[in-house]
Each structure stands twice: as C-alpha cells, then as structure tokens.
1. For residue 375, indicate whether it is acidic (Asp, Glu), surrounded by fewer than 18 Cβ atoms within 10 Å (Cβ to Cβ) and touching a helix residue (DSSP H, G or I) at 6+ places or on another chain (Cβ under 9 Å).
2. Could we say that residue 499 is out of contact with any His (no Cβ under 6 Å at 6 or more places or on another chain) and modelled with pLDDT of 95 or more here?
3. Among the listed residues 819, 813, which satisfies the condition of being closer than 17 Å to residue 754 by Cβ, surrounded by fewer than 18 Cβ atoms within 10 Å (Cβ to Cβ) and among the β-branched types (Val, Ile, Thr)?
4. Just to be sure I understand the filter: pairs with C-beta atoms under 6 Å, separated by 6 or more residues or on different chains, first member in region 801-817 and under 20 Å from residue 771 (Cβ atoms), second member among the charged types (D, E, K, R). Which pairs pass?
5. Considering each of 398, 407 in turn, give the residue that is within 21 Å of residue 579 (Cβ to Cβ) and surrounded by 22 or more Cβ atoms within 10 Å (Cβ to Cβ).
6. Just for strands (runs of 3 or more DSSP E) wholly inside region 599-696: which have at least 1 residues that are in contact (Cβ under 8 Å) with a residue 60 or more places away in the chain, within 20 Å of the chain's Cα centre (by Cα) and more than 28 Å from residue 712 (Cβ to Cβ)?
7. Being outside any strand (DSSP E or B), closer than 12 Å to residue 295 by Cβ and at pLDDT below 95 is the requirement here; does residue 370 meet it?
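The values are calculated or read from the model by the stated rules, or taken from the named source; none is laboratory data. Because the structure is a prediction, the values reported are computed rather than measured. Positions of Cβ are generated from backbone atoms using ideal geometry, with glycine treated the same way; all protein chains shown enter the neighbour counts.
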Amino acid sequence: MSRRPRPPLPRFRRPAPPPSPRRRLSALWRWLNRLVFSLLMLIVLGVAGVIALYLYYGRDLPPPELIDQHRSFENTRIYARDGSTLLYEVIGPGVRVPVALDRIPQILRDATVAVEDANFYTNPGVDLPSIARAFWQNVTAGQTVSGASTITMQLVRAILLTPEEAQQQSIERKIREAILAIRVGQEYSKDQILSLYLNEVYYGAQAYGVEAAAQRYFGKHVWQLTRGEATLLAGLPQSPSNYNPFENLPLARARQRIVLNQMVAAGFISAAEADSIFAEPIRLVPPATTIQAPHFTFYVYDLLVQRFGEEMVNRGGLRVITTLDPYWQTQAEEVARAKIAELRARDASNAGVVMLSPDGRILAMVGSVDYNAPDGQVNVTMSPRQPGSALKPFVYAAALQRGWTPATILWDVPSSWQVNGTTYQPRNYDGRFRGPVRLRLALANSLNIPAVRALEFVGVENFVNLMSEFGITTFTDPNRYSLAMALGSNEVRLLELTGAYAGLRAGGRQVRPVAILRVTNSRGEMIESWQPQPGKPLLGPQSEQVAFLITDILSDNAARRLVFGRNNVMELPNIPAAVKTGTSNDYRDSWAVGYTDAVVIGVWVGNNDSRPMAEVAGANGAGLIWRELMLRYHANRPAQPFTPPQGIVELPVCAETGGSPVPECSQVISERFMAGTGPVSAMTYETYRVGGDGSCLAAPYTPPEEVRTVSFPVYPTEVAEWAKRNGRTAPTEYCPPPREPDRAIALLDLAESSVVTNTLLFVKGTARGPFILDIGQGADPTGWQVLGQSSQPVEDGLLGMWNAGGWPAGDYTIRLRVTMADGGVIEERRRIRYAP
C-alpha cells in the first residue's frame, strides 16, 4: 500500500509596496479615458438608437403635408323649403363650426397653451423633458401612466394618425406621434398649428372646436365669450366627459381653477387677475332640441345616405333644402293629434299623414302623433299596412284601360272564387247585395264583389305590375298575389300610396314623392337639384282620359250616397275633391286618400301593434283628419273643378243595363266616356202581359182593365237566383180567377166624425161573416177594447154597444173587422168625437 503524497507547502509572499503618486495618477487617467470612451459610446449608441428608431418608426408615417388636405368634418344641415327653417343638424361624430384664429379670444388661446403645452412656443413639437419623465414612469410601472403630449402631438393624433392607432396606448404610438409632431413643427407656424388645434379638439357634448363648444355650452359665438367662459372651455379637452359642465359644473370649475393657476405660472396673467376671472359667473345655456318634423327629417337623412354615403352626410357639411312646408307640417301634426284624442275611446292611438303637392313634393309628413312615445319613432307613413278598399281606384283604372266604361254593369251578388286552394267569398261592408250596378256606383260606394270581378277581368299580375309603376314597392311575394288584392289584402306604405294618388291627379302619370329640392356641399357648390319633370303615362295611350274618369267618379258626391248617404265626411262644401277610403279586416287600419287640384293628402289611423279598433272605418277615422286638413288647406284657396281633357264625351245611358236607352228603360242618365267607347247593355228585355199589381201573369179570364204590358230584364244565369229572390224577374204564375165582389161585407151605420154626447152608444151595421167590433182612443189607436163580437153574421142590426162612462172626452176610432170565407179580413173604420 503506497503512501498518499503530501501537498506542497505554500510559498511565502511579500506584501506589495504602496503605489507611488505617479503610478496613481496614471491609473486615474486610464479610468477617466475609459469613462469618456464609454460615455461617447453611449452617446453614439443613443444617437444611433434614436436614428434607428426614427428610421424604423418613421418609415411609413404620413407626410405632414396631409394636414393641408385634411378636411375636418362639418355638420350637414337640413332645412325646410324656405331655406331658413332648420329642421335638423346632423350630428355624426359631433358638431363642428370652423372659425379663424383671429376670431378666437387671446385669453382662450393663452389658457389653452398654459394648460396643454406651456412650452408650445419654444418646443420643436415635442417636449423632451416631459417625454423622459413620462417614459420613466411608464417603464417602471409596466404600463402607460403618464403622457407628455404637446399641442402639436395632439393635433397629429387627431389628424394624421388613423383612428385605430390614435386609440392605442403604447410606446410605439408615442414615438410615431413625436416624430410626426417634429415634422409638422418644421412645416407649419405656431399660429397655424394652434388654429388647427382649436378647431379640431373635442370639448365634450358632441362639440368639436371652440366655436361649436361656445355655442353648445353658452349659446354664443366664441368671440363673445367672457374671460371666465373662455378659461372654463380651455380646461375641458383633457377629459371632456368628466369635466362636462352640464353634468358636473363643480368639477369643471375646479379644472378652470387649475387652468388659471397654470396661466399665472406661465406669466399670461397675474394671480389677482386669475381670482377676478374665477369670480365671474358662469351661465350655461342648455342645448335646445333642434329637430323638427323628426320622421320627415330622418326620412331625408336616409335618402342622403343612400345617395352620398354616410361619411359625406355625417362629415361633409352638406346644406340640404327639403320640400317640407313648416306651416302645413304644424297643421298636420295639430289635426292628427286632435282627432286621435277624440278616437282614443274607440281604441285608436296613432295616425300618419302625408301632404303632397300635385308634382309630388312632400309638404308635410306625420309619422306618429307623439314622437316621444315608446313606439313613436316608428314612421307609420313608411310602414306596410293593409289598405282595404283604398286600392280599388287602380283596379278600375286598369279595367277602364282595357275597355270597360263607367257605365259597365257589374254584378253585386253573392259570389265565390277559389283562391290559393280555399273558397273566397267576399262580402260588402254593409252586408247587402245590390245586383247590377254600374262601375261608377261600384267604385264610388266601395262595393267589394264588383271590385273582385274587376280584378279578375284585369288579371292579378297585370295589376301588380301597374301598382309597381305607380310607385308601390311592397308587392314582392308572388305567393300572396290573389284576387283579394282588390280589397287590400297586401300591405302598402302610406307615402307610396299617396304618391300613387298623385299619379291619378297628374293624369295617370308617374309621380314619385320628392323630399329634397337641392343639396350644396361645404363650399357652396350645387351637387343635386330637383326640377319637376312630367312622368311617363302609366295607363296606356289614353292615360289622361282614364285617370280623369277615375277622378270624376271619386269626386262624384251624388254617386257615393247609395252607401255613404248625404253629408258624409268626403263631401267638402264647394271644394271639388276626389277621395277614397279604406278599412282593413277587423278595423285594424283606417285609410283616406284623396286630392283636389292643389294638394294630395293621405291619412292612416290605427295602432302600431295592429290591435283592432272599435269599428273605426275609413270614413269615421282617417276620413276625419283628411276632411279637416282639406278644409284648412282650401280655407283661403278656392279649389278648381276637375276639367275633362280632350277625348271625353257625354252620352245618355240606361241606368239599369248600362246600355243605350231603349223604350223599356225606366231611368236614363248621362255618363262620361272616352271617345271611341260608349254604352254597352249588359242585359236584354222581354215583354210580359201582367195583371193586378204586376206580380202575376195575365190570364184569359183577367179583366181587361187590369191587364198591362211590362218589360223585364233578362239576367245572366249566374245572377238569376239572386234576381228571382229579390223580385227582379218576371212573374211565372198566372193571376187567380176573379171572384164576385162581396158588397157591404162590413158596414157601419155611423157617419164619419160623428159627435157622441151620450154615455151609451149603440153601434149598428152589417157584418156578413164572423166579426169583431172594437174601439180605440185617437185617430190611429195603438190599443183596442172590444165592444162586440160574434161568429154569426149580422144584417143591418146591432153590432155592439159602447158605455162611455168614465172615458175622457176626445177623439176615438170605431173598427169593424169581418172575416171572409177565404180567411181574408175586411175592415171598416169610423172616427168619432166624444163630447159629453
């Protein structure tokens, strides 16, 4: 076993001698050289880093010159047709009213600089000490806790950065912002930058820029602000929502105090001036609701967005002149509210009104009677609703276009059709059937079955195409097309239907409702202007004549009295007006649409949730509003009659058959036709010899003096049963043989108007059969007291006795009734006077 070697013994070292002064000085210089070199390297690396950051983050930055191309949004303003009544200022991102720097008070400029960027006039666009402070705080906190944005950097963020990047809270965004701020500071003067900033920055309450803020908070221009108001505004941009003086005035005032202190620190004002300014009262002016005719205004807004895009409408500063007449808008709103207040007891809560000029300009639009109601924002003039009979004029117009005339006979009798696999059996509003009716009467009185027959003649597809030409856009589901469309089974919009009626007023030409007269851009350049143009004819080569005949029928007060009676709501005193009402099933919708020579008015009444009303039909619902507006419109504006165009003639017509008069015709009328058309009889006549009252055919034994010749119409097979049931056909049975007259079957031996003075009256006479003798008080008694009766005849004898004791003096009637062998009753009466 070997022995482990021993470790070597450590060597003895002598301690080093202390360095000499010379050697210490040399070492110090070496250390200083290394420090200077390190600092130089840090500086070089720092500069290189800054250059690298500048090159990296600045490589895709937008050029500062884009500020010149930037157009801050301007608000679009929508005016009534007078060009001065502001209906609405479109608040897209907010309100902005540009103002020149020289119109902004100096104290507002100074206050802004003091609180937002005290070194604004000396820094190059960025404040390096502030950036270093913010950088250190953010790095040590691990997140953004402090900012160092100068006015120039805030302007860059608002104009040159994208909205997405401007919202980022990152060091990268700050670097890019700072680089851009330096570039902008090199290209633009401080006044230019400050002017842009004061017109761009957000002050809360949807106000962008100092002019909009001054108007929003104080109701005045920026150059009219007091010192206190100006310094209050200057403090808002840091946190507009928190410092909003409408919502938190004490906090806004505290911020104003900070602004004033900063102004003192910056040397703009003295401490005494700051106290004086802070003591000035702040009088806020709450913003007023500026929107008028809200449904119409938002209808116009939607049209503008469709034509110019949302960006242009919300930010482009358009000036829009609409067709709205403020006076008639107010009148329409007033009448609608008043009439609905009357109809609320019958479960009607809302109304829509459209007033058009004959060329389609919208003079008034009421989308609901209360815009602030829970469902008041719904514009019912644009809501599809079932129109009931309000479409019938167009059904008949299509029929006239295809050869029918106002004299064409239509059969108003019980009828049925197969519609979508089910049996369709329409009925008239009043449940009655009127047999053969002329087209004029069928339309004027809104008879349902003739209207369905007319649509059957026209063809459903042809009718749908025609309504599309007239501006109806809601007939889009072919699965719902049927003959029931004649009675309003398919929904339409009030605005579109009123425009269609304007088309009838315009001679059957296309008329589209117009809401915008002209539009100019923010530079005052015209970009759209409406000029009236005649629309294309929609009812064929004789469109004007067809439309006139429909107008003539709808304005025929005499014709509609068959159902509506005299003095109905559609009859306007001394105002020629064409009008049609409509009522949907279960009284869910009430309509009245019509026109004069000067105005077209459409009205709907109902409930937004389609609840049924309590028997509110077109005439006693929407018709009330229509009538009142028409009366007001023509109070000082006489209406002109509807003048027949060339190509309209008047011809005699047999009222019963719709054909030319014949000797058998019992009533001849005058009717209007398009030239080239005329009356065509729907029936022929057959002559019969009748006897008695005409209810039976004369027989050989009928006395000649009772025989007469009568003509009866021959009805088509499909209406023969109705005609027979209603006594319209010729008799089919012969008159019964005559019998010998029973002379004096009942005879009272008492003079007419006899005066009775005794209390006992013995009544004599003859009764050749069972009889009853009774007496009643007055000339036409309602009650009788028996004086005598017998099953045996009496010949010139006592029939009965009246004991008048206890009866009052006055007039009485004595009645003798004798029953004949065939069951008939012969009656004889005498009036007497009891004067005891």
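1. On the way: acidic (Asp, Glu): yes; surrounded by fewer than 18 Cβ atoms within 10 Å (Cβ to Cβ): yes; touching a helix residue (DSSP H, G or I) at 6+ places or on another chain (Cβ under 9 Å): no.
No; evaluated as a whole, the condition is false for this residue.
2. For residue 499, the condition - out of contact with any His (no Cβ under 6 Å at 6 or more places or on another chain) and modelled with pLDDT of 95 or more - is met.
3. Numbers: 819 fails: closer than 17 Å to residue 754 by Cβ.
Within the list 819, 813, the selection yields 813.
4. 813/829; 813/831; 814/830; 815/774; 815/829; 816/828; 817/827
5. Among 398, 407, only 398 is within 21 Å of residue 579 (Cβ to Cβ) and surrounded by 22 or more Cβ atoms within 10 Å (Cβ to Cβ).
6. 600-606
7. Taking the combined requirement at face value, the residue satisfies it.
A quick yes/no check of all residues on (1) of a type in the set (A, V, I, L, M); (2) at pLDDT below 95; (3) part of a loop (DSSP other than H, G, I, E, B); (4) under 21 Å from residue 603 (Cα atoms):
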residue	(1), (2), (3), (4)
296	no, no, no, yes
300	yes, no, no, yes
314	no, yes, no, no
320	yes, no, no, no
333	no, no, no, yes
353	yes, no, no, yes
